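One structure is given here, and the rest of the page talks about it.
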Amino acid sequence: MNQTFVRRLGMAFGMWRLIRSQSQLCRWMPTTVVDDKGQEQANEVEAPRWLGSIRIGRRVHHALFVPPALEAAYRFVAPPRSRLVAWCGLVSDGLPDGESVEFVATIRNHRTRRELTASVRVTQGLAPEERRWHKLVLELENREVQQIELTLATRMEFSASAVEPVAIWGEPRLEWRRPAEQLRGILLAAGRLGRRGRFMDAARTLHGQLSERSYTSLYQMWVRQQSPSPARLAEMRNRADSLSYRPLVSVVTPIYNTDARWLRACIESVKSQAYPHWQLCLADDGSTRAETHAVLREYEGDPRIKIKRLTANSGIAVASNEALALAEGEFIAFLDHDDELAPDALFEVVAHLNQHQDADFIYSDEDKLELDGRRSDVYFKPDWSPDHFLTNMYTCHLMVVRRALVERIGGFRRGYEGAQDYDLVLRLMDHTARIHHLPKVLYQWRKIPESTAGGQGAKPWAHDAGRLALEDYVRRNQLNAEILPGGFQYLYRVRYRVQGEPLISIVLPAVPDADASGTNGRRAFERVIAMLDERTTYRRFEVILPVDGASDPGLQIPRHLTIRQVPMDGAPVRGPLRQQKQAAVHAQGDHLLFLEWGLQAMDADWLTALLEFSQQSPIGAVGAKLHHSDGSLKHIGILLGVNGVAAPAFHRHPRSSMGYWGTAIAVRNYSAVSGECLMTRRAVYDEVGGFDDEMGGFADVDYCLRVTDAGYRVVFTPHAPLVHDDSSSRSAGADARDARRLRERWSDRLDRDPYYNFNLSRDSPDYEPDLSADAGRGR
């Protein structure tokens with residue numbers, strides 16, 4: 001049979017299954033950890049965790065690792081005739097040939113006490129390229145809606161690590177048939193759009209309706225769960241006048257030819273605020289549309305609304321300044337003419353100011369409004385991240401700034417239209433560091449075609465204006481840097497030039513153990529030396545190599561490289577960072593680079609990219625972008641409190657992934673970065689006491705937290721990309737003891753990572769909205 005026909009037939013069958021069925025994915029749900037006795041356990045490092053997308057054979061699934069002796073439990077409301085579908089597979093050579101793993105799925109109905117179990121046993125023995133995913137299906141045969149509990153377990157006879165994945169589950173989910181009436185409605189709606197030639201809208205309708213567990217639909221669930229109720233808003237109105245500090249907030253809005261629907265909705269969103277002490281300042285920038293003028297006339301009688309009409313269109317910067325001139329409030333809130341404030345926006349801002357009256361600039365989280373009123377594209381932002389801000393205007397909406405400060409810097413500037421707000425904040429940075437983040441969704445940005453919210457191509461000049469604003473910031477602050485494209489529209493790279501030629505000490509662990517001849521260890525050494533010699537543009541470095549006893553005469557060392565073999569004290573030292581800590585004592589460089597075996601640079605400027613940040617006095621540690629052998633992401637920064645104590649962001653996501661709002665392709669501040677490739681100034685390293693041997697596999701996280709405690713920032717740069725030969729890794733990883741020690745020392749930091757918004761899930765490092773019972777605890 002023709003292979004093309006077979007492939008198309010398979011695609012058609014897959015599409016029909018997608019249309020005909022609905023599903024609920026386990027990874028969108030909170031994970032309960034249960035031991036083999038059915039008792040719930042604390043979510044420590046040995047807890048089940050999501051690993052991202054993993055390929056086994058020809059299939060790729062989002063993978064779940066459930067350590068032996070534990071179970072991952074999920075609670076569902078199962079529609080009639082549901083079934084569990086999951087895939088299982090082996091991903092590690094740590095399982096001896098001939099040994100097997102049993103994957104067990106159990107569904108319990110606690111009301112009827114009925115229990116169903118399905119299992120599949122997978123035996124090790126195939127070469128990695130011959131492995132495959134194994135499918136497991138469990139039919140519930142329920143004729144009515146039931147509340148059920150699903151548990152997933154992996155059982156094996158041999159002793160296996162609770163940290164390093166050996167056996168994994170692939171995208172476990174509950175499936176059921178879509179009701180015929182619902183299916184008919186979806187197809188008819190898409191068909192009507194298709195007949196009108198609106199094929200993209202038809203495709204979006206199908207995708208939005210059929211991908212019910214997409215990020216957008218997950219956010220819809222979060223909105224229903226976390227949006228303030230009428231009773232909560234009434235409580236805010238009652239509390240507003242009891243606040244000890246009740247500043248007037250002037251909402252500033254420039255207007256130009258705004259659609260009557262959106263302008264009216266914008267103004268009404270201000271009038272609906274739970275906090276009553278506001279003023280709305282509108283500047284019409286010479287609008288020519290009658291409907292815009294008609295809406296403005298509707299509000300002329302409200303004493304809280306001031307309107308200034310310009311005789312000619314002068315641009316958004318001038319119009320914004322005219323609106324600013326009307327402001328009387330102590331604080332300015334910026335609102336675009338077709339957007340909306342959440343009804344609790346100003347109350348939440350002022351409540352924060354009552355706790356932090358020194359704040360000069362407050363920004364909130366935001367989302368977007370589809371034309372049909374649905375909310376989407378939420379941006380749960382990090383706390384103030386100055387290095388990340390120099391890559392893109394991430395504070396954006398809602399911004400509330402002390403009026404005296406805005407007036408001091410002269411308001412908005414002409415010549416930066418499209419990025420006038422970015423330019424404003426870059427100039428505010430010159431005058432204040434009291435910048436606060438309010439992790440609440442307080443602003444809705446309407447997605448109309450001509451708006452930046454509607455797509456990146458809507459205002460192409462805005463990207464150029466942002467570059468001009470950054471170039472002026474660099475000149476103004478006398479930074480020796482240039483502004484380069486950041487790989488995506490509205491992303492930039494500030495490339496700092498290296499000052500002088502400081503010495504870098506590249507500190508390696510001991511040469512890996514190998515066979516009796518030592519061949520494999522020497523090969524690893526030779527590969528790293530070849531990278532440093534042939535694929536590294538920055539040349540002033542020394543290599544520090546710890547050895548047991550005397551120098552190894554079998555190592556081939558190029559004469560033009562400075563490589564010093566230093567003996568380790570006492571008994572053999574286990575663990576790469578422990579070995580490197582001893583070796584670092586002998587380093588002579590101004591900067592220390594801790595580098596793990598098996599890493600190979602993907603860009604010859606990788607060392608320079610790390611040094612350009614390490615040389616900056618406010619920065620204490622810099623991490624690289626690391627990939628697995630298959631190209632998937634290994635490290636782009638570490639998230640605290642995720643998967644128990646800490647987890648690498650977007651682990652195992654495809655190499656092409658941009659992360660969350662560009663986190664994988666832009667410079668970003670994190671609480672911690674990986675010790676596999678970490679650069680730090682020698683002075684900082686000595687100041688905080690270096691790595692702590694007692695922290696084991698979390699020594700890098702602990703070091704970074706001590707660096708930030710000392711007042712320095714930690715930075716991830718995507719411009720130092722390296723790929724890791726996974727087969728050469730010697731790291732044993734972190735164990736439960738390491739996790740307990742980290743939590744004992746840093747419990748407050750693990751519970752509140754400033755660079756990972758608390759509205760995001762702690763059960764996954766994929767930046768998914770948190771739907772757990774205590775989600776949105778800041779609201």
Gyration tensor on Cα atoms of the range 350-470, a ≥ b ≥ c root eigenvalues, a/c under 1.5 rounded, else prolate if a/b beats b/c, else oblate, says oblate
Heavy-atom accessible area of Ser244, protein chains in place, probe 1.4 angstrom, given in Å² to nearest 10, is 110
Here the alpha-carbon Rg of the range 226-373 over 2.2 N^0.38 Å rounds to 1.06
Neighbours of Phe716 by Cβ distance under 12 Å: Lys/Arg at +1, Asp/Glu at -1, summed charge +2
Under the rule rounded for a/c under 1.5, else prolate if a/b exceeds b/c, else oblate, using alpha carbon gyration tensor axes a ≥ b ≥ c, the range 589-655 is classed as oblate
Mean accessible area per residue over the range 258-343 (1.4 angstrom probe, all protein chains present, square angstrom) is 38
Burial-style ranking of 270-276, 60-66, 620-626, average other-beta-carbon count within 10 Å with highest first, yields 620-626, 60-66, 270-276
With x for Gly and Pro, the residue-by-residue ³J(HN,Hα) of the range 69-80, computed from phi through the Karplus equation 6.51 cos²θ - 1.76 cosθ + 1.60 at θ = phi - 60° and given in whole Hz, is 6, 10, 10, 9, 10, 9, 10, 10, 9, 8, x, x
Taking a crude spin-label model, label points 7 Å out from Cα along the C-beta direction, the Arg75 to Glu144 distance in nm is 2.1
Note, Gly675: beta-carbon cut-off 9 Å, +1 each Lys/Arg, -1 each Asp/Glu, net -3
Too long for a 26 Å Cα-Cα cut-off, among Lys581/Lys634; Lys308/Lys440; Lys306/Lys440; Lys271/Lys308; Lys381/Lys447, are Lys308/Lys440; Lys306/Lys440
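The values are calculated or read from the model by the stated rules, or taken from the named source; none is laboratory data. In this text, all values refer to a predicted model and were calculated from it rather than measured experimentally. We place every Cβ from the backbone using ideal geometry, glycine too, and count neighbours over all the protein chains shown. Remember, those area values only see protein heavy atoms, side chains included, never the ligands or the DNA or RNA. Shrake-Rupley method; radii C 1.70, N 1.55, O 1.52, S 1.80 Å.
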